[in-house]
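Peer 1: Below are the structure tokens for one structure; questions will follow.
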Amino acid sequence: MALAESAVSDLLDALRVGEGTDLVRELAQWALQQLIDAEATAAIGADPWERTAERVTHRNGTRPKVLSTKAGDLQLAIPKLRKGSFFPELLEPRRRIDQALYAVVMEAYVNGVSTRAVDDLVAAMGIDTGISKSEVSRICARLDERVAAFRGRTLGHVSFPYVYLDATYINVRDDALGQVVSRAVVIATGITAGGDREVLGVDIGDSEDETFWTRFLRSLRDRGLGGVRLVISDAHAGLTASIRKCFTGASWQRCRVHFARNLLATIPKAHVEFVAAAFRSIFALGTRKEVEARWDEVADTLAERFPKAAELMRDAKTDVLAFTAFPKSHWRKIWSNNPLERLNKEVKRRSNVVGIFPNDAAVIRLVGAVLADQHDEWAIARRYLSEASMAELSAPRDTDPHQPALAG
């Protein structure tokens, strides 16, 4: 790829004024930025301000991206697009995950806890079974440092009106017990005041009890998490108690998908389809009053034949309909935990390759790498919610007594 004349001029200027500066880092940063901009031009079909018949979209500013290299940290600018998303191939967004998977598999192999799936993967990678423990330790240490930096970064740079919480379970070998145990991996994501998505944190513990969740949520607050207006999760007792402790003044949205499963579990199989359709009809309406009225209608309809289901609906009304106190354009994104469920599926897809992890550190290494890469991809993607719609949150909040904030 030939560089533009102006780009060559910039390079020469950098060399002339290089006295007292880190030329290697500056030149590496300059060269990578030129390659990124050229790749963006090819994807868009036109240079900035150029009119061509091949243009498919337009630039829409940039997002910062720090790339750690042997020359130092490079401050790059990733172009954003009005339609679609762009991430330069040369940055290889999945490399961190692959390195983490490699490290975890090797650690499992060295510690003698590999399964047939791990053995097959090792063979597919072409890795000699004689790999040294020192080599594994070196790889793991480098990855652990990156993941630790990601997990410990500040969250005080912006407010997060919406926070999603969920857990998934992964098998880990417990040497103290001499057996494989199921460990809870909890993940938090959020939507910023500007409408962008971020991965907020991840941790691992024995179970989803209140003590574990409270420690995790307090760690997020200690890192600067603030401005929380709505927390979206399932109705796990330990989690909801922790939310009340740590996010006083915020509302809690009980995931409608999880609630629907609980509701339909009380209905005879022959009537599940009818009740499911009636329940879905609630969320097809456009105003808060209509949604609440329809909820009551469905509950009343179920009362005679399915009293347990009707009681369940009446008890959960406030929590499942908490989303109605927020902008209508946000409803589909905040009335369930589905956005985080999709991320959990990616975590499980990667962790299933390993099967049984040798220890908690290996879990955090791989899951942290998956989440860090997803965070990077979100950073250069389109906003999850528009800035204009997020501005509606600054309007006076609906204080209907039927939608109370969580009490401490």
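The values are calculated or read from the model by the stated rules, or taken from the named source; none is laboratory data. Predicted model only: the values in this text are computed from it and were never measured. Quick reminder, even Gly has a Cβ in these numbers, built from the backbone with ideal geometry, and neighbours come from all protein chains shown.
Peer 1: Report, by residue number, each residue of region 282-323 that is aromatic (Phe, Trp, Tyr) and closer than 15 Å to residue 255 by Cβ.
Peer 2: 283, 323
Peer 1: Which count do you get for residues in region 149-200 that are without any contact (Cβ under 8 Å) to a residue 24 or more places away in the chain, within 17 Å of the chain's Cα centre (by Cα) and assigned to a strand (DSSP E or B)?
Peer 2: 1
Peer 1: Same structure, new question: Checking the structure you have, find out if any residue of region 215-225 is touching an Asp or Glu at 6+ places or on another chain (Cβ under 9 Å) and within 17 Å of residue 367 (Cβ to Cβ).
Peer 2: Checked region 215-225: at least one residue is touching an Asp or Glu at 6+ places or on another chain (Cβ under 9 Å) and within 17 Å of residue 367 (Cβ to Cβ).
Peer 1: List, please: which pairs have Cβ atoms under 7 Å, are six or more places apart or on different chains, and start with a residue in region 79-97 that is part of a loop (DSSP other than H, G, I, E, B) and end with one that is among the aromatic types (Phe, Trp, Tyr) and at pLDDT 70 or above?
Peer 2: 93/87
Peer 1: Tell me yes or no: at least one residue of region 321-332 is farther than 18 Å from residue 195 by Cα, in the same structural domain as residue 285 (by TED's automatic domain parsing), touching a residue at least 40 places away in the same chain (Cβ under 8 Å) and of a type outside the set (Gly, Ala, Ser).
Peer 2: Yes: region 321-332 contains one or more residues that are farther than 18 Å from residue 195 by Cα, in the same structural domain as residue 285 (by TED's automatic domain parsing), touching a residue at least 40 places away in the same chain (Cβ under 8 Å) and of a type outside the set (Gly, Ala, Ser).
Peer 1: As an exercise: evaluate residue 300 against (1) exposed (fewer than 13 other Cβ atoms within 10 Å of the Cβ); (2) closer than 16 Å to residue 261 by Cα and give the number of the one condition it does not meet.
Peer 2: All conditions are met except number (2).
Peer 1: Here's a follow-up. Please enumerate the residues belonging to region 241-261 that are within 25 Å of residue 193 (Cβ to Cβ) and touching a helix residue (DSSP H, G or I) at 6+ places or on another chain (Cβ under 9 Å).
Peer 2: Once the filter is applied, which keeps residues that are within 25 Å of residue 193 (Cβ to Cβ) and touching a helix residue (DSSP H, G or I) at 6+ places or on another chain (Cβ under 9 Å), region 241-261 yields 242, 243, 245, 246, 247, 250, 251, 252, 253, 254, 255, 256.
Peer 1: Looking for whichever is within 30 Å of residue 313 (Cβ to Cβ) and at pLDDT below 95 here; the options are 188, 237, 176, 260. Which one fits?
Peer 2: 237
Peer 1: Quick one: would you say residue 329 is among the small types (Gly, Ala, Ser) and within 23 Å of the chain's Cα centre (by Cα)? Full working, then the answer.
Peer 2: Working: among the small types (Gly, Ala, Ser): yes; within 23 Å of the chain's Cα centre (by Cα): yes.
Judged against the criteria, residue 329 is a match.
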